[in-house]
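The values are calculated or read from the model by the stated rules, or taken from the named source; none is laboratory data. Being a predicted model, the structure only gives us computed values, none of them experimental. So basically every Cβ, Gly included, is an ideal-geometry build from the backbone, and we count neighbours across all protein chains shown.
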Amino acid sequence: MSGALLPLPFGLGIGLLLGLVGGGGSILAVPVLVYVLGQPVKAATTESLLIVGTAALVGAADYARSGRVQIKTALAFGAAGAGGAIVGTALNRLVNGRALLLAFALLLLTAAAAMLRRRPDSDTPSGNLSLLRVAPTGLGTGVLTGFFGIGGGFVIVPALVLLLGLPLTLAVGTSLLVITLTSGAALAAHLASGSIDWTIASTFTGAAIAGALAGRRLGASVRPERLGQLFALLLVAIAVFLVAKNAAAAV
């Protein structure tokens with residue numbers, strides 16, 4: 001496969017996972033951009049925000065057409081997350097590339113453990129939406145988005161379900177709208193002081209959009225708990241790879 005087409009299968013896969021579970025695929029974008037496509041770590045974090053944010057926007061619009069996005073929750077969550085994204089971006093500039101990837105590996109392991117501990121979701125959403133719970137959760141997710149260059153869906157979906165009482169059928173689409181908001185804020189901050197390979201980013205983004213749309217349609221026939229288990233194992237594998245590649249050099 002030629003270099004110009006190399007981002008296509010990875011973009012499709014990442015978009016597919018994003019559309020299926022409302023997150024997760026974004027975590028894979030940075031390692032693919034760095035280790036497969038040869039992008040510098042700082043550029044990869046910026047490019048991942050563009051890829052993930054755009055694919056999430058298209059996916060959220062697709063979910064909204066079927067009434068599966070809770071817009072008020074997403075706006076409150078995303079507003080808090082936007083502020084956190086600016087803070088996370090500032091912290092990103094203070095850490096060297098290898099240390100950033102090692103911290104990223106730790107975050108992947110934490111996310112995997114959380115997904116394996118998830119309980120079956122209720123189909124009845126909570127009628128009480130407390131901004132005192134939404135704001136801190138959104139703020140923390142935004143910090144992660146800016147610091148690691150990720151959409152944060154692997155944190156958003158469990159938070160919406162376990163902390164805010166949304167059923168999974170609403171949480172996935174709502175998560176995609178939140179990802180759009182937080183990724184957009186972080187991308188604006190990253191572009192102010194960073195560079196981006198537009199050829200790679202545009203090809204990757206186009207494929208991710210197609211994958212996100214396909215994932216939304218496929219999700220209706222796949223058990224979410226099974227997807228969560230398989231994805232957790234994938235996170236562990238990526239974390240082990242990152243540690244093996246960077247731990248020795250960082251010491």
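Looking at G11, G88, G23, G78, which is the one that is surrounded by 24 or more Cβ atoms within 10 Å (Cβ to Cβ), under 18 Å from the mean Cα position of the chain (by Cα) and not in a helix (DSSP H, G or I)? If you could, list the steps in order and put the result at the bottom.
On the way: G11 fails: not in a helix (DSSP H, G or I); G88 fails: not in a helix (DSSP H, G or I); G78 fails: not in a helix (DSSP H, G or I).
After ruling out the rest, the residue left standing is G23.
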- Scan the stretch 33-57 for residues that are over 14 Å from the mean Cα position of the chain (by Cα) and surrounded by fewer than 24 Cβ atoms within 10 Å (Cβ to Cβ) and report the count. 10
- Message: Quick check on my filter: what residues within the stretch 26-59 are part of a loop (DSSP other than H, G, I, E, B) and over 16 Å from L187 (Cβ atoms)?
- Response: L37, G38, P40
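When you scan the stretch 189-198, do you find a residue that is in contact (Cβ under 8 Å) with a residue 60 or more places away in the chain and closer than 21 Å to P9 by Cα, even just one? Steps first, please.
Kept after step one, since they are in contact (Cβ under 8 Å) with a residue 60 or more places away in the chain, are these residues of the stretch 189-198: 189-191, 193-197.
Still in the list and also closer than 21 Å to P9 by Cα: 196-197.
Checked the stretch 189-198: at least one residue is in contact (Cβ under 8 Å) with a residue 60 or more places away in the chain and closer than 21 Å to P9 by Cα.
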- Residue by residue through the stretch 31-66, note down the ones that are under 24 Å from L218 (Cβ atoms) and at pLDDT below 90. P31, S66
- Item | Subset tally (residues that are part of a helix (DSSP H, G or I) and farther than 16 Å from S26 by Cβ) for the stretch 214-234 | 12
- Query: If we keep just the residues of the stretch 184-215 that are among the polar types (S, T, N, Q) and within 21 Å of L18 (Cβ to Cβ), which is surrounded by the fewest Cβ atoms within 10 Å (Cβ to Cβ)?
  - Reply: S202
- Filtered residue count, the stretch 154-175, keeping only those that are assigned to a loop (DSSP other than H, G, I, E, B) and surrounded by fewer than 24 Cβ atoms within 10 Å (Cβ to Cβ): 3
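Would you check if G140 is among the small types (G, A, S), assigned to a helix (DSSP H, G or I), touching a residue at least 12 places away in the same chain (Cβ under 8 Å) and surrounded by 18 or more Cβ atoms within 10 Å (Cβ to Cβ)? So that I can check it myself, show each step before the final result.
Working: among the small types (G, A, S): yes; assigned to a helix (DSSP H, G or I): yes; touching a residue at least 12 places away in the same chain (Cβ under 8 Å): yes; surrounded by 18 or more Cβ atoms within 10 Å (Cβ to Cβ): no.
So G140 fails the test.
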- In the set T145, T141, the lone residue that is among the polar types (S, T, N, Q), closer than 20 Å to R93 by Cβ, in contact with a Leu (Cβ under 8 Å, 6 or more places away or on another chain) and at pLDDT below 85 is T145
